[in-house]
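One structure is given here, and the rest of the page talks about it.
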Ligand SMILES: [Zn+2]
Ligand SMILES: [Zn+2]
C-alpha cells in the first residue's frame, strides 16, 4: 500500500443517478476516501459512502475521520448506510461547520445527523448507533495526525466548506459546491476579492477536486443555484498553478457521452498549457505518495 492516496466513491452532484448512461463517471453522490499512513479520512457522506463503509468493515478499520463540506443531502444522505457507524469499537470523529439551528434556537454541529436519522425519515435513531461518534466544529485549521486540514468558506446556499489537505508536502484541495461570487452576484471589488481568495486557497495544489456542473451556455439559466462552470474551474486552476484538476459533482442530467465531450473540448482548448484535467470517475484512485 502506498503512503498517500485517494479514491472516488461518489462523483455526482445533487442526486444519485444510476443507469446505463452514467456507468463510467458514476451515479453515486459525493464521497472521497483519503488514505495517509495508517489513517482513514473520508470527505463527504453522499451515497458513495455505503460501498466505502463495506470495504472499511472488511478491513476491520477502527478509526475514521469524516469531513462534511455541508449538510445537503448529496453530501450526507449515504451516512445512515455507512456500516462502521453500526460497529461497537469503531471511533469516528466528524467535522462540520455550524450552520443548522435546532428547534430551540441552539446551534449544534450534530443537528443535521440527528435530523437525518429520526422518524419518519429513518428507522434507526442516530443516538442508538453503536460506534463511538464525536462531533467537532470545523476550525480554520486542524491537525489529523500528520495531516494539516485548512478550511475555506465557499459561496453556496446555506454555506459550504472547502478543504486543503497537506501531508508530507503533497496537497489535495477538495472544493465542492461553489458558485464564484462575481458570477453569481456581480463583479464588485468585494466579490472579486472573495474569488481571488478562493483561488489562492488552491494555490499550487497537486490535485484540485473542484465542482463544476455547467457549461457556459447552461449557466445563465442556473445562476444562483450555487454551482459553477467548467470554464471558471479550468481558468482558476491554471491561474493558481494547480498540477491536476479533477472536475467533480457532475450534473445529474449530464451522461457519460456528454461529459466525454466536455472533457475533450477542455483538453483541446488547453493545448500545451501546464495543467492536467480529468473528470472524476467513481472508483478512480489517485496516488499522491507511492
Ligand atoms: Zn452538492
Ligand atoms: Zn449543496
12 Å reach of a label modelled at residue 88, 7 Å along Cα-to-Cβ, counting backbone N of the range 113-132: 130-132
Most mobile listed residue (197, 162, 85) in the chain, GNM with C-alpha springs under 10 Å: 197
Label-to-label distance, nm, for residues given as residue 134 and residue 15 (7 Å Cα→Cβ offset): 3.9
Contour excess over end-to-end distance, with Cα ends at residue 54 and residue 148 and 0.36 nm allotted per residue: 31.1 nm
Antiparallel DSSP beta bridges within the chain, percent to nearest 5: 50
Taking 11, 246, 188 and counting other C-beta atoms within 10 Å, the order from fewest to most: 188, 246, 11
Hypothetical label at residue 1: residues of the range 22-38 whose amide nitrogen lies under 14 Å (7 Å Cα-Cβ projection): 33-38
Exposure proxy order (Cβ contacts within 10 Å, fewest to most) of 175, 117: 117, 175
Bridge type composition, the range 1-128 - antiparallel percent by DSSP, nearest 5: 55
Estimated FRET transfer efficiency when R0 is 30 angstrom, pair residue 188-residue 215 (beta carbons, to 0.05): 0.75
Separation in nanometres of the label points that stand 7 Å from Cα toward Cβ, at residue 38 and residue 260: 4.5
Rounded to 5, percent antiparallel among DSSP beta bridges of the range 134-290: 55
Angle between the chain longest axis and helix 230-239 axis [Cα atoms, degrees, rounded to 10]: 80
Value of Rg to Rh for the range 4-97 (Rh from inverse mean 1/r over Cα pairs, i.e. Kirkwood): 0.96
Point-to-point label distance, residue 276-residue 98, nm (Cα→Cβ direction, 7 Å offset): 4.1
Within a Gaussian network of the chain (alpha carbon springs, distance under 10 Å), most fluctuating of 148, 17, 202: 148
Most mobile listed residue (51, 185, 138) in the chain, GNM with C-alpha springs under 10 Å: 185
Which of 1, 73, 147, 154 has the fewest Cβ neighbours within 10 Å, and the rest in rising order: 1, 73, 147, 154
The chain: angle of helix 256-270 to the longest principal axis, Cα-based, in degrees nearest 10: 50
Chain lengthening between residue 222 and residue 63 when straightened (0.36 nm per residue, less Cα-Cα): 53.2 nm
Degrees between helix 49-58 axis and first principal axis of the chain (Cα, 0 to 90, nearest 10): 50
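Values in this text are rule-based calculations from the coordinates and carry no lab data. Just so we're clear, the structure is a prediction, and the values are computed from it rather than from any experiment. Here the Cβ is made from the backbone with ideal geometry for all residues, glycine too, and neighbour counts use every protein chain on show.
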